[in-house]
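Student: Sharing a structure here in structure tokens format.
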Amino acid sequence: MARRAATNGGRNTAVDIVSRCLAALPGNYALTIGIGSLLAVALADAGMARVEAAALASMLAFPVFLIVLLWAVHAARLLRAWIVIGGGAVLTNAAAAWLAASPGTAG
Amino acid sequence: MSETFPASMHWLHTWTGVIIGALLFAIFWMGTLSVFDREIDRWMMPATRLAPAATVSLDAMAKTMTQTGAAEWGMQLPTDRTPIVSGYTVTDGTYAFLNLDPATGKPLHDPATRGATDFFFPFHYSLLIDQWQIGKWLIGLAAIAMMALCVSGVVIHRRIFADFFTLRIGRKTSRTTLDLHNVAGVLGLPFNFMIALSGLVFFIAVYVPGIQSVVYPAAGSSFTQDAFGGFDRDAAGEARALGSLDAMAREASRRWGGDTARIVRVTHSGDAAAYVSFDRSLARRVSMTSDAVIFDGPTGRLLHEHRTGPMMTTQRFISGMHFAQFRHWPLRWLYFASGLLGCVLIATGSLFWLQSRTKRHMNEGAVGMPLVRAITIGATTGMIAATLAYLIANRLLPADAAALGQSRAQLEIWAFFIVWIASFAHAALLPRRAWAVQCWAIAAGALTAVASNAVTTGDHPLHAALRGQWGVAGMDLVMLAGGSVAAIAAMRLWQRKPRLVAGDPAAPALPAA
Amino acid sequence: MATSLLIALLGCVYGGFALLALSQSRNWTLVLPGRPYPAARAGLLKAGGWALLATALIIALVRDGPAFGLMLWVLMLAAGAALVIATLSVRRR
């Protein structure tokens, strides 16, 4: 895995580790809420009762959080982990808010 | 993080375990005790060791409850595990609790203890830290950690199938510890993953409220009300007597295909707009259903019936797998055994880390080692000793005990925390024999608890079993069995040559490796 | 009836895991030191083991229905495997 060795030099400084933990926990949480919200709004728009849509999206949030957590721990490049998690969190939350505010939403 | 996925998972497994192990043990231990919370309640509240009542008249109970004058009250009805009616009243937002004898409807004496259902159980899900729900969030973090530990543990286990049956108990301690950790982890994997996930799923409204609020933006409606049921109307301000609760209960039972009610709640008691809610029994199904029927108080007319859709029904089913409120004794014992196995898994994980690092860290002069050791000892054997101290205090404190402005129930909790803190201090100050001494303390504590129950109530295990108090007898027998295991462990540990441990002032300087 | 099914269930998971353990040569030599390990028929032991575990599932479902039955089966698997591991561990000493 020469690529990995080249990207982090095989070392993890304390700052790297703290940054990775922040991506894997609070960053991950924001992303998970974004994904869940987007799913809940989309399902409600598609005609599912909103209590049911919220329940399903909420339950799925935990496996999503776990998978993103494991990926964030292993991701080769810290920067890329932050771009995917941080960018994903902003995009999904914004999309969910936009969908929820747009007319025609079952809400 | 690392070059290969197993290496990353190894890093995750090690550090998650070290940081969260003590917390995880506390949660698992308290959860394991909560599997038999009602039985422990009977042990701790001798006045409630009643024979099951043949018939229970809700109207007779209602008479006692309305005499309290509270506008809002409720009762948990007897089950095969709880022979009493647990009532509560709410006056100006303050809860008061009273137990009733289901045969007569008369109040029982205040048990002056929080028992298991009001101490071990809330410890399990909130760590007794209610401020900003910090306790629940810490537990949520621990549950996620448990799932991450399960996955990473499977990834890094090199010979999961070849070593499936391998448990080498021998002279090499770290080998025994690792085998035990692997076996407990593999056998407990389905249970541990399920119990962590279902605990999170139960608290969706706490952990991921953001997902629900996006489809519930407006005030006046809420996810929790739609999901878990809820009915509300204002008081009329006009006095009117309550109709027959027994008639309402019969109607509710008819709607539920014969299931009985487990909880009855009365709101605006004595008012013309009073209403009565019945929650469906959990005895016959895995699901912790939130089915409820609400009647008009004075007339008994049906006002509202709560039923859940497929997704919330799924959520209730998963919650039910965690709470195990069903009537199924083999499963209850398997839950208890699985919980203990989880405790073994966590303890051996921490122990293996300590055993494999001690020497290296001592040579490097690392300071973290004695700290982790003391935390591990206090969190495992210390936690068990503290639990026994709580039980012993419950049996030995006089009925009217009070000290320093603390009630009897509070003094029991003080006993728990004093012993727990002392166990950490002991492990930090006298690390060489700490495991052995605390195992002796557990063995002695278990024996004392059983003896004090026999002396103060006359219900020694044989007597309790003969008069049908299986919960009390079982509790004593489990403590005797656990105490014996602790005594054997203590003897083995004592015979072993005390090993040098880091941070021990008595340890001579090691020659440089 | 419920009790006898429970005992049969435990017997099946214990027997099933015992056969699976015996299909591994080192467990075979541990339990039956005098007899050579039948490498050619290890597959038969394995199949027998899985068949008993499947039988256990059927017993659990018949006894308790799908929801309780599945939970009982999964947790009994762990109990049965633990008993086999304990047996082997005692034999080893």
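Student: For peptide A:36-47, compute the average count of partner chain beta-carbon atoms within 10 Å of each residue's beta-carbon.
Tutor: What the average comes to for A:36-47 is 3.
Student: Which Rg and Dmax, in Å, describe the Cα atoms of the range B:227-277?
Tutor: 12.4, 36
Student: Calculate, in whole percent, how much of the Cα-Cα pair population of the range B:17-63 lies beyond 14 Å.
Tutor: Beyond 14 Å sits 69 percent of the P(r) for the range B:17-63.
Student: I would also like to ask the following. Just to make sure I understand: if all protein chains stay in place, what is the order of B:E238, B:E305, B:E39 by accessible area at 1.4 Å, largest first? Display every interim value, and only then the final one.
Tutor: Details: B:E238 110, B:E305 55, B:E39 20 Å².
Descending accessible area places them as B:E238, B:E305, B:E39.
Student: What average number of partner chain Cβ atoms lie no more than 10 Å from the Cβ of the residues making up B:212-224?
Tutor: Mean inter-chain Cβ contacts per residue within 10 Å come to 6.
Student: Still on this structure: Tell me, what is the 1.4 Å probe accessible area of B:D232, in Å² to the nearest 10?
Tutor: 120
Student: Whenever you get a sec, line up B:W29, B:W73, B:W132 from highest to lowest accessible area (probe 1.4 Å, protein heavy atoms).
Tutor: Numbers: B:W29 35, B:W73 0, B:W132 200 Å².
Ranked list, largest accessible area first: B:W132, B:W29, B:W73.
Student: Here's a follow-up. Take the Cα pairs of the protein assembly as shown, get the Kirkwood Rh, then feed it into Stokes-Einstein at 20 °C and 1.002 mPa s and tell me D in µm²/s.
Tutor: The estimated diffusion coefficient comes to 75 µm²/s.
Student: If you don't mind, another one. For chain B, what are Rg and Dmax over the alpha carbons, in angstrom?
Tutor: Values for chain B (Cα only, Rg and Dmax): 25.5, 87 Å.
Student: Kirkwood hydrodynamic radius, computed over distinct alpha-carbon pairs, for the range B:46-110: how many Å, to one decimal?
Tutor: 11.9
Student: In the protein assembly as shown, what is the count of Lys pairs whose alpha carbons are under 30 Å apart, counting only pairs at least 8 residues apart or on separate chains?
Tutor: Going through the protein assembly as shown pair by pair, I get 4.
Student: Order these peptides, A:54-61, B:393-400, by their mean beta-carbon neighbour count within 10 angstrom, highest first. Each step should come with its number before you reach the end.
Tutor: On the way: A:54-61: 26.1, B:393-400: 16.4.
Going by the mean number of other Cβ atoms within 10 Å, highest first, we get A:54-61, B:393-400.
Student: What is the mean number of Cβ atoms from other protein chains located within 10 Å of the Cβ atom of each residue in peptide B:334-344, rounded to a whole number?
Tutor: Per residue, the average neighbour count from other chains is 2.
Student: What ratio of Cα Rg to 2.2 N^0.38 Å holds for the range B:100-220?
Tutor: 1.58
Student: Quick one: with all protein chains in place, what share of the accessible area of chain B is carbon or sulfur, to the nearest percent (1.4 Å probe)?
Tutor: For chain B, the apolar C and S fraction of the accessible surface comes to 64 percent.
Student: Which net charge results when you count Lys and Arg as +1 and Asp and Glu as -1 among the other residues whose beta-carbon is under 15 Å from that of B:P461?
Tutor: After counting each charged neighbour, the total is +1.
Student: Between Rg and the Kirkwood Rh of the range C:2-92, both from Cα atoms, what is the Rg to Rh ratio?
Tutor: 1.04
Student: Now a separate question. Can you grab the distance from the C-alpha centre of the range B:205-255 to the C-alpha centre of the range B:83-124, Å, no decimals?
Tutor: Taking the Cα centre of each part, the range B:205-255 and the range B:83-124 sit 23 Å apart.
Student: Where Lys and Arg each count +1 and Asp and Glu each count -1, what net charge lies around B:E39 among other residues with Cβ under 10 Å from its Cβ?
Tutor: Here the charged neighbours net out to +2.
Student: From Cα coordinates alone, what are the radius of gyration and Dmax values for the range A:12-101 in angstrom?
Tutor: When restricted to the Cα atoms of the range A:12-101, Rg and Dmax are 14.4, 49 Å.
Student: Excluding ligands and nucleic acids, what accessible area in Å² is computed for C:V62 using a 1.4 Å probe, to the nearest 10?
Tutor: Estimated to the nearest 10 Å², C:V62 gives 110 Å².
Student: Further question on the same structure: Can you sort B:H460, B:H322 by solvent-accessible area, 1.4 Å probe, largest first?
Tutor: Highest to lowest solvent-accessible surface, that is B:H460, B:H322.
Student: Once phi is turned into ³J(HN,Hα) by the Karplus curve 6.51 cos²θ - 1.76 cosθ + 1.60 with θ = phi - 60°, what whole-Hz value does each residue of the range B:390-404 show in order, with x for glycine and proline?
Tutor: Those phi angles translate into 4, 5, 5, 4, 4, 7, 9, 5, x, 4, 9, 4, 7, 8, 6 Hz.
Student: Where the only charges are on Cβ atoms (+1 Lys, Arg; -1 Asp, Glu), what is the dipole of the range B:130-280 about its Cα centre, to the nearest 20 debye?
Tutor: With only Lys, Arg, Asp and Glu charged at Cβ, the dipole is about 1020 debye.
Student: Please give the solvent-accessible surface of A:I33 in Å², to the nearest 10, using a probe radius of 1.4 Å with every protein chain present.
Tutor: Approximately 20 Å² of A:I33 is accessible to the 1.4 Å probe.
Student: Also, quick follow-up: Between beta-carbons, use under 9 Å as the cut-off and find the net charge around B:H268, counting Lys and Arg +1, Asp and Glu -1.
Tutor: In short, -2.
Student: So what J values fall out for the range B:26-34 if you push phi through Karplus, 6.51 cos²θ - 1.76 cosθ + 1.60 with θ = phi - 60°, rounded to Hz, Gly and Pro as x?
Tutor: Running phi through 6.51 cos²θ - 1.76 cosθ + 1.60 with θ = phi - 60° gives 4, 5, 5, 4, 5, x, 4, 5, 5 Hz.
The values are calculated or read from the model by the stated rules, or taken from the named source; none is laboratory data. Since this is a predicted model, take the numbers as computed values, not measurements. Positions of Cβ are generated from backbone atoms using ideal geometry, with glycine treated the same way; all protein chains shown enter the neighbour counts. Heads up: the accessible areas ignore ligands, DNA and RNA and are worked out on the full protein's heavy atoms, side chains in. Shrake-Rupley method; radii C 1.70, N 1.55, O 1.52, S 1.80 Å.
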